[in-house]
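Novice: Before I ask anything, here is the structure I am working with.
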Amino acid sequence: MASPHTEQGTPATPGAPAGVPASRGRRFSSRRAALRRRPWLLLAPMLIVLAILLVWPLGRVIWLSFQNYGLRELNRGTTNFVGFDNYAAIFGDEYLYSVVLPNTIGLAVACVVLTVGLGTLVALFLKGLPTFWRYVVSTALMIAWAVPAVTGTYVWVFVFDPSNGLATNLLGSLGVIEPGTVNWFLERWSFYSIVTLNVVQHSIPFVAVTVLAGLLTVPDDLYEAAKIDGAGAWQRFWNVTAPNLRPVFAVVTILSTIWDFKVFTQMWLMPGGGGTNPQVFNLSVWAYVQSFAQSEYGMGSAIAVVLTLVLMAITLVYLRTLFKEDEL
Amino acid sequence: MSRPDATRLTPRKLATAIAQGVGVIVCVVFFLFPAYWMISTSVDADAATRGAELIPSEFTLAHFHTVLGRAGFGRYLLNSALVAVVTVVISSLIALLAAVAVARFKFRGRTAILVMVLIAQMIPQEALVIPLFLQARSLGMLNSLLGLSIVYLAFSLPFAVWMLRGFVAAVPVEVEEAAYVDGASWGRMFWSILFPLVAPGLVATSVFSFITAWNEFIFALTFLQNDSKYTVAIGLQRFFGQNTADWGPIMAASTLITIPVIIFFVAVQRNMVSGLSAGAVKG
């Protein structure tokens, strides 16, 4: 498999046995043709799987979004095209602007700002720590990162449980609240505060570890030079760290944005988040509830398409950043 | 950021040390708290009425007995393990082939393939779940664990390809050239030369595919319709009553789900960081 070299016309010959060159020309050209096909043969299984599991469903969800597709159509296997009616219904619904978009965007902004901000802080802190303590803190980070969203969410639900959660009892014993009278999951702001805490706690490790990896590549002389020039810690961060880490910050910010825009599990498992309290839906949950609770698959698909388009737009920015940094 | 001189303790160094100590404590508490709270509740005899106590007053394994015995949680663990193993085997195989293609061959469309693999990771599962649910329903594959494993390929595969690409590229081409010159066939080169050298990367990628399938929630929620087919992520919900939650067993079951993930994750994490910063997927 000396392919890149062979194709570029520099076959690996140094140790080749003598006597081969005679038939070389013809063998070489047939080898060339085989080599041209080979990458596609290797890629074929992946392409087939992705076509069936990603491309085709994506096409179908767009197709469905133009239909009034409910239980009747599902059972009879018929189609019922309504053009852009589903989209008109979504964008004409006050609910989108007063509840779903503020929830979706608010959560994403809060989570991204907090994750990237605190994650960077943790990374800077880790860099200055002695080796042993750096190891201790990064192990804690790894464990936080590894806890599955499902079980992590249940822990926070338990902590804020209205009858015997840790937070309820602590605040109760301090006399701040009367246990049993406060249910944080009912109200939008407190519900989203808990979701934010949950998501941020789970996502900081990725940002911290990535930014730390970036920090370790910044040459120490730059900091020394800045110090000699009389720059304080704050100035050193903005004038040395930030410009050098721009690509790293771009990547973690965009990835966090994509993840935080479509939070589902953390929401779904919280009391009320699983479809019973429409005040706390975001785009993901709304799409899911429309489809699987209301059996309005067409409408659900249209919401899912809107979500996908938003994420695609963010992805494009992401790809442009990657290409600019020549990472591919 | 020069290293502190350990021999002399100036007030400034003392202040730094104290600040670092406080920082370490804050970080460890904040990041370990959910895992700690889950495990300590799972062995706490008074979990049902658990108050603000931070250390269980009476240790018990009763919640684990409840979960594995009466509640039959073992079944869910087995289902999850089955789904995850099938996902790992198929996706590793397919991903390795694809990774070799993009890491070793220069061909027209290579960049397009890489871009596609990246984009595939951004497609929200919420958009795929509707059509795939309808399709699985019409094929009669809704309650099938195999069907679920196949669906999971959609998420594990792009990630695995992206990750393995780096590992394959890291194997020096000269090794393969030498084997080629010695007359090894292409297949032999693949299995006897490349495969063993990429094995560590393959292990790391497999662990991540395993965790993806093990943790997956939305498709399991939608596809699995009866109790005997539930995976762990869905099975947990069985411990919630109408208005009550049985926190002891819930946290015991959560612990059973989480411990293997933590062990796997921490074991392979080091291999993954470089690849992750190049833009893969959150664990």
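Novice: Per DSSP helix of 4 or more residues, -39500 (n - 2.57); summed, then divided by the residues of chain A. What does that give at 222 nm, rounded to the nearest 500?
Specialist: -20500 deg cm²/dmol
Novice: If we count every other residue with Cβ under 14 angstrom of residue A:65's Cβ, Lys/Arg +1 and Asp/Glu -1, where does the sum land?
Specialist: So the surrounding residues net to -3.
Novice: Note down the magnitude of the dipole of the stretch A:93-327 about its Cα centre, charges +1 on Lys and Arg C-beta and -1 on Asp and Glu C-beta and zero elsewhere, to the nearest 20 debye.
Specialist: Charge dipole, the stretch A:93-327, about its Cα centre: 280 debye, nearest 20.
Novice: Between residue A:134 and residue B:15, what is the label-to-label distance in nm when each label sits 7 Å out along the Cα-to-Cβ direction?
Specialist: The answer from the label model is 2.4 nm.
Novice: Per-residue accessible area for residue B:257 at 1.4 Å probe radius, Å² rounded to 10?
Specialist: 10 Å²
Novice: Can you sort A:91, B:265, B:195 by 1.4 Å-probe accessible area, starting with the largest?
Specialist: Highest to lowest solvent-accessible surface, that is A:91, B:195, B:265.
Novice: With every protein chain kept in the model, how would you rank A:286, A:268 by accessible area, 1.4 Å probe, largest at the top?
Specialist: My answer, sorted largest first, is A:268, A:286.
Novice: Follow-up. Which three extents, in angstrom, do the Cα atoms of the stretch B:1-97 have along their principal axes, listed largest first?
Specialist: Cα spread of the stretch B:1-97 along its principal axes, largest to smallest: 60, 53, 18 Å.
Novice: Whole number please: convex hull volume per residue of the Cα set in chain A, in Å³?
Specialist: 249 Å³
Novice: Right, another one. Rolling a 1.4 angstrom probe over the protein chains, ignoring ligands and nucleic acids, what is the accessible area of residue A:138 in square angstrom, nearest 10?
Specialist: Rounded to the nearest 10, the figure is 30 Å².
Novice: Rounded to the nearest 20 Debye, what is the dipole magnitude of the protein assembly as shown about its Cα centre when Lys and Arg each give +1 and Asp and Glu each give -1 at the C-beta?
Specialist: 2160 debye
Novice: Run the numbers for residue A:324 and residue A:93: contour at 0.36 nm per residue of separation, minus the present Cα-Cα distance, in nm.
Specialist: Stretched fully, the residue A:324-residue A:93 segment lengthens by 79.2 nm.
Novice: Counting only protein chains, not ligands or nucleic acids, how are B:228, A:190, B:42 ordered by accessible area (probe 1.4 Å), most first?
Specialist: My answer, sorted largest first, is B:228, A:190, B:42.
Novice: Summing -39500 (n - 2.57) over the DSSP H runs of n ≥ 4 in chain B and dividing by its residue number, what mean residue ellipticity at 222 nm do you reach, to the nearest 500 deg cm²/dmol?
Specialist: After summing the helix terms and dividing by residue count, I get -22500 deg cm²/dmol.
Novice: Could you give me the radius of gyration and the Dmax of the stretch A:197-328, taking only the C-alpha atoms into account and expressing both in angstrom?
Specialist: Every Cα atom of the stretch A:197-328 included, Rg and Dmax give 20.4, 67 Å.
Novice: Which residue fluctuates most in the GNM of chain B (Cα springs below 10 Å): B:209, B:149, B:57?
Specialist: Comparing B:209, B:149, B:57 in the GNM, the peak value goes to B:57.
Novice: Counting only protein heavy atoms and rolling a 1.4 Å probe, how much accessible area do A and B lose on contact, total for both sides, in Å² to 100?
Specialist: 9500 Å²
Novice: Still on this structure, please answer the following. Given Cα pairs under 8 Å that are at least 6 residues apart, what percent is the relative contact order of chain A?
Specialist: Relative CO of chain A lands at 25 percent.
Novice: Tell me the Kirkwood hydrodynamic radius of the stretch A:122-197 in angstroms, computed as one over the mean inverse distance between distinct C-alpha pairs.
Specialist: Hydrodynamic radius (Kirkwood, Cα pairs) of the stretch A:122-197 is 14.6 Å.
Novice: Next question. What spacing in nm lies between the two simple spin-label points modelled at residue A:276 and residue A:170, each 7 Å away from Cα in the Cβ direction?
Specialist: So the two model labels end up 2.6 nm from each other.
Novice: What is the Cα convex hull volume of the stretch B:11-62 when expressed per residue in Å³?
Specialist: 87 Å³
Novice: Taking the inverse of the average 1/r across all pairs of different Cα atoms in chain B, what Kirkwood radius in Å do you get?
Specialist: 22.2 Å
Novice: What translational D, rounded to a whole number of µm²/s, comes out for the stretch B:50-130 from Stokes-Einstein when the hydrodynamic radius is the Kirkwood one over Cα pairs, at 10 °C and 1.306 mPa s?
Specialist: Rounded, D is 90 µm²/s.
Novice: Quickly work out the residue A:317-to-residue A:163 label distance, labels modelled 7 Å from Cα along the C-beta direction, and quote it in nm with one decimal.
Specialist: Taking the simple label geometry, residue A:163 and residue A:317 are separated by 4.5 nm.
Novice: Quick one: what Rg and Dmax do you get for the stretch B:114-187 from the alpha carbons, in Å?
Specialist: My reading of the Cα-based Rg and Dmax gives 18.7, 53 Å.
Novice: Provide the FRET efficiency to the nearest 0.05 for the residue B:138-residue B:93 pair, computing r from the beta carbons and using R0 = 41 Å.
Specialist: So the FRET efficiency works out to roughly 0.90.
Novice: What translational diffusion coefficient, to the nearest whole µm²/s, does the protein assembly as shown have by Stokes-Einstein, given a Kirkwood radius computed over alpha-carbon pairs, a temperature of 37 °C and 0.692 mPa s viscosity?
Specialist: For the chosen part, D equals 124 µm²/s.
Novice: Okay, next question. Using 0.36 nm per residue of separation minus the Cα-Cα distance, give me the extension gain between residue B:243 and residue B:197 in nm, one decimal.
Specialist: 11.1 nm
Novice: Give, as a single signed number, the net charge of other residues whose beta carbon lies under 14 Å from the beta carbon of residue B:187, with Lys and Arg counted +1 and Asp and Glu -1.
Specialist: Computed value for this residue: +1.
Novice: Of B:84, B:62, B:15, which is the most mobile in a GNM of chain B whose springs link Cα atoms less than 10 angstrom apart?
Specialist: Of B:84, B:62, B:15, the Gaussian network model singles out B:15 as fluctuating most.
Novice: Just to confirm a number: summing +1 for Lys and Arg and -1 for Asp and Glu over residues other than residue A:107 whose beta-carbon lies under 13 angstrom from that of residue A:107, what do you get?
Specialist: Residues close to residue A:107 contribute a combined charge of +1.
Novice: Just to verify a number: what accessible area does residue A:178 come out at with the full protein assembly present, 1.4 Å probe, Å² rounded to tens?
Specialist: 120 Å²
Novice: Is any residue of the stretch B:73-117 close enough, with backbone N under 14 Å, to a label point placed 7 angstrom from the Cα of residue B:186 along the Cα-Cβ axis, and if so, which?
Specialist: B:97-98, B:100-102, B:104-107
The values are calculated or read from the model by the stated rules, or taken from the named source; none is laboratory data. Predicted model, so just to flag it, every value in this text is computed and none were measured. Note: ideal-geometry Cβ built from the backbone for every residue, glycine included; neighbour counts use all protein chains shown. These area figures cover heavy atoms from the full protein model, side chains too; ligands, DNA and RNA do not enter into them. Shrake-Rupley method; radii C 1.70, N 1.55, O 1.52, S 1.80 Å.
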